[in-house]
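Presented below is the structure to which this report refers.
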Amino acid sequence: MAQQDIVAFLEKNYPNEKIKYLGQGSDSDAFRVGTRVFRFTSKNISIYAKDADICHFVQPYVDVQVPDIQIVHRDGFQYAVHEMLMGERWSWHKFQFSPARQRNLARSAAQFLAQLHSIDTDALVRAVPAVRDSVPYIDFDLVVPYLKPFMTARQLRRFREMYNRVVNASIDKSDMVLVHMGLKGANSVVYPDGRLKGVFDFCNCGIYERGRDLVLFSLSRNGRLYREFLREYQRQTGVRVSRKHIRELALVEFLWAKRWYVGDVFSPIGANVVARNVGLVLMHFYHLPEIMKPLVRVFMKVHARMMRK
């Protein structure tokens, strides 16, 4: 579905509304039409039907605003629409020079995830059967050719061992919870004082290990924000979180199958993204500080050049 066709459709059916293109996500093109958000998917609309059902189910359990999504079929177009959640956008470092607002963000984000993770998953599956469908990690053998240019044979073997250990580890039933899989600035808004106000884009959520929802904060490169967030999450849930395990989850998260497939078609992510993630893996293997990252990238470039010869 071409972007210009969508714009023509919106202009025809909503002539008195201001139309603004918001951008392209992994699943859709998003437009702002007046005060509403329209998302047109290039895939099956069922992904947004699931999003709508989950949002409806979780609303009573969380203190933040969650969109009320409607699925529309009109003139050959199918799309999801909801009122735009109004609030300030944020990023991992936006409040680093405002300790009170950063603390509010960390604590309210932790509270939201604690509330989400406490939802009865059996009741959720009965209400939204589609949430039972999970997206597994990818078969490691499929991505070896894309990792090989940046790693020696020994490093690749060690990474495979870590990957198998992490993704095949037994998980306690109490740690299998409803996770959002994308709590970040692009999918939420905050109040002026930094508190989380609204969260959207539940398309990727599912019943997974709770640690996968803590990965993004661990990768924020804002240590103070992450520590405050983790303290509050542990206080709210009573769960003791292993930072080492979260770190290992973060290192393999880019091998989640959804990142490598568009629909059912294998569509590998770009070499630069692979290299960035492999760099983090190598720094973890050798216990290197952040200041060593440029040297790791130099090693990877030299190795890739030698592999091409």
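The values are calculated or read from the model by the stated rules, or taken from the named source; none is laboratory data. Bear in mind the structure is a predicted one, so any value in this text is a computation, not a measurement. A quick note on method: Cβ atoms are made from the backbone with ideal geometry, for glycine too, and the neighbour counts reach across all protein chains shown. Note: accessible area is taken over every heavy atom of the protein model, side chains too, but ligands, DNA and RNA are not part of it. Shrake-Rupley method; radii C 1.70, N 1.55, O 1.52, S 1.80 Å.
Points worth noting:
- Principal axis box of segment 1-157, alpha-carbon based, largest edge first, Å: 61, 43, 42
- The slack between R126 and N272, meaning 0.36 nm per residue of separation minus the straight C-alpha distance, is 48.4 nm.
- Reachable aspartates and glutamates from K94, criterion Cα separation under 14 angstrom, eight or more residues apart if same chain: D193
- Accessible surface of segment 1-58 [probe 1.4 Å, protein heavy atoms]: carbon and sulfur percent: 46
- Tilt relative to the chain, helix 293-308 - C-alpha long axis, 0 to 90 degrees, to 10: 80
- Angle between the chain longest axis and helix 3-13 axis [Cα atoms, degrees, rounded to 10]: 20
- Inter-part distance, segment 42-67 to segment 244-258, computed on C-alpha centroids, equals 25 Å.
- Working ranking of peptides 190-200, 255-265 by packing, defined as the average number of other Cβ atoms within 10 Å per residue, highest first, is 190-200, 255-265.
- In segment 1-82, the convex hull through the Cα atoms has an average projected area of 5.6 nm², a quarter of its surface area.
- 12 Å beta-carbon shell around K148, net charge (K/R +1, D/E -1): +2
- Straight-distance candidates among the aspartates and glutamates for linking to K50, with alpha-carbon spacing under 14 Å and chain neighbours fewer than 8 residues away dropped: D27, D68, D133, D201.
- Nearest 10 degrees, 0 to 90: helix 99-117 Cα axis against the chain principal axis: 80
- Entries in K148/K184; K184/K258; K20/K258 that, when Cα-Cα distance is taken, lie over 20 Å: K148/K184; K20/K258
- In this label model, D264 and L280 are separated by 3.1 nm, measuring between points 7 Å along each Cα→Cβ vector.
- In this calculation the C-beta distance from H56 to Q4 is compared with R0 = 25 Å, giving a FRET efficiency of 0.15.
- Farthest positive-ward along the chain dipole, Cα basis, beta-carbon charges - from V199, L105, Y14: L105
- Rel. contact order, % - alpha carbon contacts under 8 angstrom, at least six apart, the chain: 19
- Scattering profile of segment 69-206 at q = 0.20 Å⁻¹ [log10 I(q)/I(0), Debye over alpha-carbon scatterers]: -1.15
- Normalising the average separation of contacting C-alpha pairs (under 8 angstrom, six or more residues apart) by the number of residues puts the relative contact order of segment 67-121 at 19 percent.
- Summary of packing: across the peptides 270-279, 245-254, the per-residue average of other C-beta atoms within 10 Å ranks them, highest first, as 245-254, 270-279.
- Net charge of neighbours whose Cβ lies under 12 Å from the Cβ of M283, counting Lys and Arg as +1 and Asp and Glu as -1: +3
- 25 °C / 0.890 mPa s Stokes-Einstein diffusion coefficient of segment 116-165, Kirkwood radius on C-alpha pairs, µm²/s: 177
- Remark: the chain carries 52 Å² of accessible area per residue (probe radius 1.4 Å; ligands, DNA and RNA excluded).
- Cα coordinate range in segment 116-274, projected on the principal axes (Å, largest first): 47, 39, 30
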